[in-house]
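The values are calculated or read from the model by the stated rules, or taken from the named source; none is laboratory data. For clarity, every value in this text was computed on a predicted model and none was experimentally measured. Cβ placement follows ideal geometry from the backbone for every residue including glycine, while neighbour counts extend to all protein chains displayed. Accessible surface is based on the protein model in full, side chains and every heavy atom, while ligands, DNA and RNA are left aside. Shrake-Rupley method; radii C 1.70, N 1.55, O 1.52, S 1.80 Å.
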Amino acid sequence: QTILDTIPAPIYLKNANGKYIWINRMYEYLSNVTLKEIKGKTDFDIFSAPVAEMFRSQDEDVKKTKTPLEFEETVSLVGGEYTFITLKFPVTDIHGNIDGVGGFCTNISERIEYEKEKECLIRDLHRTLDEVTVLRGILPICSSCKSIRDDEGYWNKIEQYLVTHSEVRFTHSLCRDC
């Protein structure tokens, strides 16, 4: 009991009818309900209808397949919205009949937030790279007329060289001094 109560993950056990038999302390904390209050109740007594229906559907899949199944679920609980990877498993009697469903939830909320931030940063980086064209290296430029010598040795006006070798487009006007 001490081990299960100190694990920082919600753990629970329901009977074959979907009524809670046991929950650990983390489940109590996140659901804002005690074992005493939840025992004998279903998800519909604790959670909103859409969340309860999702949990019930998952439980039915576990009972139907008689195998452990993993689900990613996002729910609003104490302290905000959480995303869990939940492993649900069938609990059977000695004859293989389903007695209930147990679950162990791993909180992946921080990882999901980091992934969203990473995707935004990557999107911003791609957008920025699409906007930036970089000229690299040494440009031989005439000290007098400011023409640039290309790789073939020909001298080009600076505007023409930059238009040819980058995505720069020029507009011409006069500065204050001119």
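Below are the figures for this structure:
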| item | result |
| --- | --- |
| Leading residue by the ranking (nearest to D99 (Cα to Cα)) among those in region 1-57 that are open to solvent by 60 Å² or more (accessible area, probe 1.4 Å) and among the aromatic types (F, W, Y) | F44 |
| Subset tally (residues that are among the β-branched types (V, I, T) and free of Cβ contacts under 8 Å to residues at least 12 places away in the same chain) for region 1-54 | 3 |
| Hey, G80 open to solvent by less than 70 Å² (accessible area, probe 1.4 Å) and in contact (Cβ under 8 Å) with a residue 40 or more places away in the chain or not | no |
| Index of the failed condition, D130 passing every other in (1) open to solvent by less than 80 Å² (accessible area, probe 1.4 Å); (2) modelled with pLDDT under 85; (3) on the phi < 0 side of the Ramachandran plot; (4) of a type outside the set (A, V, I, L, M, F, W, C) | (1) |
| Of all residues in region 82-125 being among the charged types (D, E, K, R) and part of a strand (DSSP E or B), the one that is nearest to the chain's Cα centre (by Cα) | K88 |
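Here is a yes/no grid of residues against (1) touching a Phe, Trp or Tyr at 6+ places or on another chain (Cβ under 8 Å); (2) of a type in the set (A, V, I, L, M); (3) surrounded by 10 or more Cβ atoms within 10 Å (Cβ to Cβ); (4) over 30 Å from S31 (Cα atoms):
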position	(1), (2), (3), (4)
E117	no, no, yes, no
L125	no, yes, yes, yes
C142	yes, no, yes, yes
V168	no, yes, yes, yes
C175	no, no, no, yes
